[in-house]
Each structure stands twice: as C-alpha cells, then as structure tokens.
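A short write-up of the structure that comes next.
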Amino acid sequence: MSTKLGIIGLLGVLCLLSTEAKAHYLLDDAIASYEDADFRSALRTFNLAARDADLSVEELLLLFEMRALVHHAMGNETAMLRDLERVGALRPRHELSGLAPPPVRKAFDDMLAANGGTLGVELLVEERSFDGKPFVVARVEQVPRGLVHRISLQCRVQPHGRLVARTAQGTSARLALSESGAHQGCDATAQTRRGTVLFSASIDGTLAPPSTLAPPPVAEQPAPAPLPSPVPAQSPSVFQMPEYKGPVDEPSAKKKKKWPWIVAAAAVVVAGGVTAGVLLSKSSKQSQPAAGGVTVSW
C-alpha cells in the first residue's frame, strides 16, 4: 500500500513539474524522456533547449536542475556539478524539487556551503585605463562556464549626453571615453545566447545630465529705463459741465418769431455794401494818374 502511495506521489510531482514546464515544448519533451528513463534523448533535448530556445530565468532554472538529474543518472558527476553551479549562480536560495535524489541534494548544499551560501556572481561596471586611454568596462565575475553568452554595455557620453552602446561575446565588454570621467552614467547586462537578461548593473555618471548642467554665463545688460507711469483717463463721473453765467431770460408770453426778418434785412444791407464797394472801385480806377500811380483792385 505504501509503495503504491509513493508511486502515486512521484507521478503527481512529475505531472506538476511537467505542467510548470509547459512554457516551452522542448522542456516538456526532455522531461518526458527522463520519465521514460531515456536519458540520452533527455540530455539531447535539454542541450537543444539550452542552445536555441528563448527561455525565461525560471525555465533556465528548471532546465539546469533537470539536466543535473540526467547527468547524475548517467554517472557524470562533473557535468552534474556544473549544472548545479548554474542553478546556484542564478538563485542561491533555490530549493531543489522532490525529484532530486539525496546525492544530488547533498552536492548542491555542499557547493553553496563551500562558497559561503552563494557563488558570489557579480556584474561589475567601472572605469579602467588601457594603454593610457580611459574605458568603461563591464564584466561578470565568478560566473559558471556556459551561463553568460554576451555582455551589453551602454553609456551616455559627451557631447550632449548621446547614447553609445557596445556588445561583446563572453563575460566582459568595454567602451572608450574621450577623457576620464566623460560620461553621464552607464548600464550593463549579462545575457544568454537568446538575449535573456541574467544579471544587470549600472553606475552613475561623473558629469551631470544635460537638464541639470549650469547654463553658460550671460553678459550683464544695463537695466532698462523705467517707463513713465500711465496717466489714467478722466472718468466721466469726474468731468463737470462748464457752468453758464450769462443773463437768464425771463419767461414771457409767447411772441411771434422775428429772426427770419432780421436775417433778411441783414442780407440786404450786406448786398448793398458789396454793390457800393464795386462802384467806388471803378470810380477810383478812373481818377488815378496813368504814370507812377498804384492800381488797387479787389
């Protein structure tokens, strides 16, 4: 009875593991081959997934752990330890699944204990000098072989904080600077063959970004002359109508208007004056001497 329960429990763990691995079909195929004790086929499929499949970090942890079990079943302890190191590099606190037999579990615990509980994998970004020239260098240290495929490095450099990037296969990459400290910050990532980011790091720049750089000094300009204060327009409520101070007509009975006759008489007088002036001018012209005289005409 206990044997049947153990088999059922093992099958349940395998089903659960297979369900978690369904993110990529190659992992499912490799695990299925391992369940069938076809270790060579399982190893071949795991290697294919490690080389060509676009796997997440969680999927990589599953691949390395299960491939370590395959290596252990085939008696290859050295290869088993390499995969366990990759698991410890990605996640030192990782707990092996219930499928791991006691020898594999002990090997994993002993490896971590020998390194103080962690493998000490670290991606460093720093400025270094080569042949007297300054560079920003990104490198990953104490990483198991075959885990990191390339390093990508990008920095904001002068002029105007433009972005410059460098990518190199292996565990290090570097980027040249015009002079020491001539950057505004750098970022680096350690990636797999398919571009999955395993580790990342960054450093602050020694130069301020363009938005915080002090503006260039501006020559002082003489202060402009103060403008005259505007005179407010006089409000209608302040304006006063001029007061009339002449004689005031007394009210009287309504009389017949006389002003048209007065205007007509004045017009007659003016017309008579113009006629008399013309006659006098003619008489004056006839009475003036011909020589040395002055003629006046209107």
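The values are calculated or read from the model by the stated rules, or taken from the named source; none is laboratory data. A quick note: this is a predicted structure, and the numbers were derived from the prediction, not measured. Here the Cβ is made from the backbone with ideal geometry for all residues, glycine too, and neighbour counts use every protein chain on show.
For the stretch 63-82, state whether one or more residues are within 30 Å of V164 (Cβ to Cβ) and touching a residue at least 40 places away in the same chain (Cβ under 8 Å). No - not one qualifying residue is present in the stretch 63-82. Which members of the stretch 32-62 meet the condition of being among the β-branched types (V, I, T) and farther than 15 Å from M74 by Cβ? Within the stretch 32-62, V57 is the sole residue that qualifies.
Number of residues in the stretch 182-209 that are surrounded by 12 or more Cβ atoms within 10 Å (Cβ to Cβ) and modelled with pLDDT under 85: the value is 3.
A42 meets each of the listed conditions (1) buried (at least 20 other Cβ atoms within 10 Å of the Cβ); (2) within 25 Å of L112 (Cα to Cα) apart from (2).
Take A201 and tell me if it is of a type in the set (A, V, I, L, M, F, W, C), within 17 Å of L90 (Cβ to Cβ) and out of contact with any helix residue (DSSP H, G or I) (no Cβ under 9 Å at 6 or more places or on another chain). Spelling it out, A201 is indeed of a type in the set (A, V, I, L, M, F, W, C), within 17 Å of L90 (Cβ to Cβ) and out of contact with any helix residue (DSSP H, G or I) (no Cβ under 9 Å at 6 or more places or on another chain).
Within the span defined as the stretch 34-46, one or more residues are over 25 Å from Q191 (Cβ atoms), of a type in the set (A, V, I, L, M, F, W, C) and in a helix (DSSP H, G or I).
Residues that are farther than 27 Å from E65 by Cβ, touching a helix residue (DSSP H, G or I) at 6+ places or on another chain (Cβ under 9 Å) and at pLDDT below 95 are absent from the stretch 105-113. Residues of the stretch 119-139 include none that is surrounded by fewer than 16 Cβ atoms within 10 Å (Cβ to Cβ), polar (S, T, N, Q) and modelled with pLDDT under 90. One residue stands out among those in the stretch 147-181 that are within 21 Å of the chain's Cα centre (by Cα) and either of a type in the set (D, E) or over 30 Å from D52 (Cα atoms) (or both): the one that is surrounded by the most Cβ atoms within 10 Å (Cβ to Cβ), which is V157. All of R93, R51 fail the test of being surrounded by fewer than 15 Cβ atoms within 10 Å (Cβ to Cβ), farther than 22 Å from A201 by Cα and not assigned by TED's automatic domain parsing to the domain that holds A188, apart from R51. Return yes when G185 is closer than 20 Å to E127 by Cβ and either part of a strand (DSSP E or B) or not assigned by TED's automatic domain parsing to the domain that holds S56 (or both) and no when it is not. Here the answer is yes, as G185 does meet what is asked.
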